[in-house]
Amino acid sequence: MMLQPGSRPVPDSPDYVLVRKLGAGAFGEVWQARGPGGLEVALKFIPLNANVFAAESRSLAVMKSIRHPNLVSLFGAWHKDNWLILAMELCDRSLQDRLAEAIGQGLPGIPLSELLGYMDDAATGLDALNAKQVQHRDVKPANLLLLASGVKVADFGLAKALEQTVASNSGAGTIAYVAPECFKGQLTQQSDQYSLAVAYYHLRTGHLLFKGDQAQVMYGHLELLPDISHLPPAEGAVLGRALSKEPAKRWSSCKALVNELIRAKAQVEEQRRLDQAWLQSLLKKKEHHEVIQLLSEAIRLDRKNARTHYNRGFAWLEKSENDKAIYDFDEAIKLDPSDARYFHERGVAWSNKNVHDKGLADFSAAIRLDPEFAAPYYGRGLAWLTKGEADKAIKDFDAAIRLNPQFADAYISFGRAWLDKKDYDKAIENLDEGIWLDPKNAYAHFYRGVVFWNKKDYDKATLDFDKSVRLDPELWEDAWFYLEWLFFQCSEETRRRCEGGGPLRWWRLLHEETEED
């Protein structure tokens with residue numbers, strides 16, 4: 001069959017006109033087409049022998065009758081010249097495409113919160129099929145299609161027909177997701193759930209569950225326990241149950257699996273929050289060395305607890321013992337390389353030591369592990385700013401603020417970056433926001449003072465420098481460099497407003513003595 005733009009390949013349906021080729025694979029080709037009434041559709045062309053089509057025509061009719069928001073609608077099916085032609089709802093792209101995009105962005109897989117939303121849609125669609133006693137049998141990322149921001153399940157009910165095509169036996173692509181019982185000719189209510197769990201793992205990590213040729217992949221599904229130990233324990237436990245070799249031991253439904261994955265994510269986030277609150281509480285109530293002694297004893301009793309090493313590393317970091325902090329973060333990462341916090345805090349320690357290249361590497365690793373974690377974007381932005389890379393810093397500070405709109409330090413550093421680029425209006429806009437969120441941040445006032453000084457708005461500059469010194473006397477030397485000159489330039493009213501601070505009194509005393517001499 002010759003397929004080209006403008007052709008009308010659907011038998012007895014000339015209203016279907018090919019527009020452009022969307023893709024090709026082991027099962028044939030997919031084209032965008034205009035259907036009756038100008039409806040945009042996807043036409044799928046699958047090489048198939050006549051006997052198989054006749055056997056599956058009834059099941060295809062059943063597929064046409066099933067309608068659900070999370071299932072791709074099938075408009076028609078035809079047989080022509082040993083080709084099966086399917087007219088389906090046109091979607092934007094597949095989760096396989098989204099995974100490739102994420103990997104191209106330097107991420108290990110699709111970000112978890114985004115992925116769980118997709119999995120929830122897919123599970124809803126699969127459960128709707130299962131409720132009608134229909135098994136998909138070919139759940140994989142390429143059959144989970146994106147339409148806008150939602151997922152629709154495609155090609156349901158076709159696996160039995162496709163198994164018998166020559167094309168389907170040419171590679172291990174679909175085999176990578178098949179439930180073990182299917183290799184034995186069995187099919188259960190939980191078979192699609194197993195495949196969905198394998199697809200989730202692939203989309204989450206960028207890796208297939210089992211690797212190798214067809215025989216090796218099949219053996220893995222039938223006999224081997226998958227290595228998912230690098231996932232957070234709660235998430236791994238949920239996924240491990242869905243990947244049980246025995247269907248009866250899996251979750252009751254695909255939706256139950258996804259609900260448990262969502263719950264596991266919430267548990268991890270809550271545990272992190274509690275850990276941080278507990279550690280901060282200890283650090284407030286006790287001297288740092290007491291906290292470190294307590295954590296050191298816990299490590300002596302259990303050296304393989306990544307979280308305890310992380311907590312002690314954080315305590316060392318608070319104590320400005322960066323080398324000791326790095327040692328503990330190293331240990332935490334060896335024990336659990338999946339936690340973005342461990343890389344982030346080690347990046348902070350490296351940055352404190354002015355080893356910015358290592359800091360950048362750790363912040364980037366944290367971002368790859370958790371693209372929705374605002375702190376490493378901020379840390380990486382600071383490192384870029386220190387290295388004089390203002391444009392890269394701006395990009396990271398912007399990301400940190402989008403993820404956490406209340407991130408005062410990110411606004412302040414954003415303002416600093418715009419100051420470096422001499423875009424004073426944007427600098428003031430972001431510094432104003434930072435000061436609104438954190439009015440007692442001395443550095444925000446100091447840098448805004450520098451911006452006003454560059455804009456020759458000397459009264460505002462004077463007030464900001466004066467405020468910065470009042471909030472943090474250690475800024476005196478830096479602020480005085482500006483204030484000594486600014487007090488000659490600003491108005492008398494502004495000098496009076498600074499009367500309560502040390503700078504004006506010191507300035508008057510200095511210059512009165514100079515005049516007397």
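Condition check ((1) surrounded by fewer than 21 Cβ atoms within 10 Å (Cβ to Cβ); (2) in a loop (DSSP other than H, G, I, E, B)) across all residues:
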{"residue": "84", "(1), (2)": "no, no"}
{"residue": "87", "(1), (2)": "no, no"}
{"residue": "97", "(1), (2)": "yes, no"}
{"residue": "100", "(1), (2)": "yes, no"}
{"residue": "103", "(1), (2)": "yes, no"}
{"residue": "107", "(1), (2)": "yes, yes"}
{"residue": "120", "(1), (2)": "yes, no"}
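Any chance region 264-274 includes a residue that's out of contact with any Asp or Glu (no Cβ under 8 Å at 6 or more places or on another chain) and modelled with pLDDT of 85 or more?
Yes, region 264-274 contains a residue that is out of contact with any Asp or Glu (no Cβ under 8 Å at 6 or more places or on another chain) and modelled with pLDDT of 85 or more.
Is it the case that region 113-127 has a residue that's at pLDDT below 85 and either assigned by TED's automatic domain parsing to the domain that holds residue 242 or touching a strand residue (DSSP E or B) at 6+ places or on another chain (Cβ under 8 Å) (or both)?
no
So which of 388, 381 ends up being surrounded by 24 or more Cβ atoms within 10 Å (Cβ to Cβ) and either of a type outside the set (D, E, K, R) or assigned by TED's automatic domain parsing to the domain that holds residue 110 (or both)?
381
Mind listing whichever residues of region 24-45 are on the phi > 0 side of the Ramachandran plot and either surrounded by 12 or more Cβ atoms within 10 Å (Cβ to Cβ) or not assigned by TED's automatic domain parsing to the domain that holds residue 83 (or both)?
28
Mind checking whether some residue in region 108-131 is in contact with an Asp or Glu (Cβ under 9 Å, 6 or more places away or on another chain), within 12 Å of residue 68 (Cβ to Cβ) and of a type in the set (S, T, N, Q)?
Yes, there is a match, as at least one residue in region 108-131 is in contact with an Asp or Glu (Cβ under 9 Å, 6 or more places away or on another chain), within 12 Å of residue 68 (Cβ to Cβ) and of a type in the set (S, T, N, Q).
Give me a count of the residues in region 327-358 that are β-branched (Val, Ile, Thr) and farther than 18 Å from residue 386 by Cβ.
1
Within region 230-252, take every residue that is assigned to a loop (DSSP other than H, G, I, E, B) and within 25 Å of residue 334 (Cβ to Cβ) and give me the one that is modelled with the lowest pLDDT.
230
Output the residues belonging to region 197-224 that are without any contact (Cβ under 8 Å) to a residue 60 or more places away in the chain and in contact with a Pro (Cβ under 8 Å, 6 or more places away or on another chain).
Correct list: 201, 209, 210, 220, 221, 222.
The values are calculated or read from the model by the stated rules, or taken from the named source; none is laboratory data. Values in this document were obtained by computation on a predicted structure and should not be read as measured data. Please note: Cβ atoms are built from the backbone with ideal geometry, for glycine as well, and neighbour counts cover all protein chains shown.
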